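Read-outs throughout are calculated quantities, based only on the coordinates presented, and are distinct from any laboratory measurement. The structure presented is a predicted model; accordingly, all values stated were derived computationally and were not measured. A quick note on method: Cβ atoms are made from the backbone with ideal geometry, for glycine too, and the neighbour counts reach across all protein chains shown.
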Amino acid sequence: MAKPNPLPWDRNFLSRSPMFAPLYPAARKLAVPISAWPNIEDYQRLLENAAVAVRSKSGAPIRFVPQGPKPATFEESYEPRIFLKGEVQTRCENWHDFFQALVWTTFPKTKAALNTRHYFAAKERTSTTPSGHHRGALENALTLYDECGAAVVSCNPALLKMIREFDWKSLFWHNRKHVKAELMCFIFGHAMYEKALEPYTGMTANSVLLNTNSSFFAKPLADQLGQLDDQLSALFHNENAITAPQDFSPFPLLGMPGWHRENEHETYYDNTRYFRPGRSRLGVKNAD
C-alpha cells in the first residue's frame with residue numbers, strides 16, 4: 001500500500017512552478033476528474049498514445065504495474081524487471097510515482113537508456129560480489145540522474161563555462177538577459193519534480209550541460225523534448241561519457257530567472273550556502 005502523501009492531489013500542479021514545463025505535454029493528456037488521482041490505467045494510456053512505441057532496450061513494451069512484494073530473485077528486482085519484462089512497478093496516489101510515469105512518457109529513450117545501464121551494471125555486480133550489495137560509482141550516478149537529474153542547454157559556451165566554474169552570480173545576475181535568451185534548464189529526475197511541488201532554497205540538480213545552436217530556442221516544446229531525448233539517450237548509452245556522480249555539474253535550480261520570487265533581487269545570489277563555490281567539473285558534453 002502506498003504511504004500517505006504529505007500533499008493531496010492537485011490537478012493544477014503545473015501552475016505551481018515553471019520547473020514543470022517539460023511535463024506539460026504529458027500531464028495535459030491526463031483526463032481525470034479534478035478531485036481524483038490518476039490511476040495505473042491512466043498512466044498506461046499515456047504510453048499507448050505516445051508518438052512512438054515506448055519499450056525497454058530488450059524490446060519489451062513498457063507497462064505500468066502495481067508494486068509487488070520484495071523481490072526474491074535478481075530478475076524480479078526493480079530495474080531488471082523493467083529491462084526484461086517492461087514492467088514499471090508503480091504506486092497509486094503517490095507523487096513520486098506519478099512523476100515517474102510522466103517522465104517515462106516525456107523522455108522514453110533516455111529512461112530506457114538509464115535502465116539498460118542499470119541492468120547490466122547490477123547484473124555484473126551481483127555476479128561478481130557474493131552479497132551483491134555494494135553499488136559502484138556508475139550505479140550511483142545513474143540513480144542520481146534518474147532521481148534528481150536535469151539537462152542545461154545553451155548556445156552560449158560562456159554561460160556553460162560559468163556553470164562549470166560555479167560562477168553563479170555572474171551567470172544568473174550579471175548575464176541574466178543572456179540566460180533568459182540563450183539557456184534553458186529541463187528537469188529530468190522525478191524526485192526533483194516532487195520537490196518542485198514545494199520549492200525550497202537548496203534545490204540542486206545533477207545536470208549534464210549540452211551545447212546546442214540558437215535555432216533550438218525557437219522550436220516548439222515538443223520538438224525540444226524530442227531532440228533532448230535523443231541527445232540524452234545517446235549520452236547515457238555511451239559507456240565512457242557518464243561513469244560516476246562527479247561527471248555531473250551541480251546546478252542550483254532556483255537561480256534560474258523566474259523560478260523563485262526572491263531571485264529578482266541581486267542579494268539572493270549572495271547566499272553561498274546555496275550558490276556554493278567549487279572546483280570546475282568535467283567538460284561540457286557536445287550535443288550538436
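Here are the numbers:
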| quantity | calculated |
| --- | --- |
| Of 244, 191, 27, the one that fluctuates the most in a GNM where the chain has Cα springs shorter than 10 Å | 244 |
| Summed residue charge, Cβ within 12 Å of residue 60's Cβ, Lys/Arg positive, Asp/Glu negative | +4 |
| Segments 42-49, 247-254 sorted - mean Cβ within 10 Å per residue, highest first | 247-254, 42-49 |
| Ranking of 62, 82 by count of other Cβ atoms within 10 Å, fewest first | 62, 82 |
| Aspartates and glutamates with Cα under 20 Å of residue 219, excluding same-chain neighbours fewer than 8 positions away | 182, 229, 230, 288 |
| Extension gain, residue 215 back to residue 73 (0.36 nm per residue minus Cα-Cα distance, nm) | 46.3 nm |
| About the Cα centre, charge dipole magnitude for the chain (Lys/Arg +1, Asp/Glu -1 at Cβ), debye | 140 |
| Top positive-direction residue, dipole computed over the stretch 84-216 with Cβ charges, set 122, 142, 185 | 185 |
| Residue with peak Gaussian network fluctuation, the chain [Cα springs, cutoff 10 Å], from 66, 199, 33 | 33 |
| Of 32, 208, 179, the one that fluctuates the most in a GNM where the chain has Cα springs shorter than 10 Å | 32 |
| Principal-axis tilt of helix 95-106 within the chain, Cα atoms, nearest 10 degrees | 80 |
| Gained length - residue 200 relative to residue 120, 0.36 nm times residue gap less alpha-carbon distance | 25.2 nm |
| The chain, Cα convex hull volume normalised per residue, Å³ | 138 |
| Cβ-based exposure ranking for 104, 173, in which fewest neighbours within 10 Å come first | 173, 104 |
| Contact order relative to length of the stretch 144-286, as percent, for alpha carbon pairs under 8 angstrom and 6 or more apart | 35 |
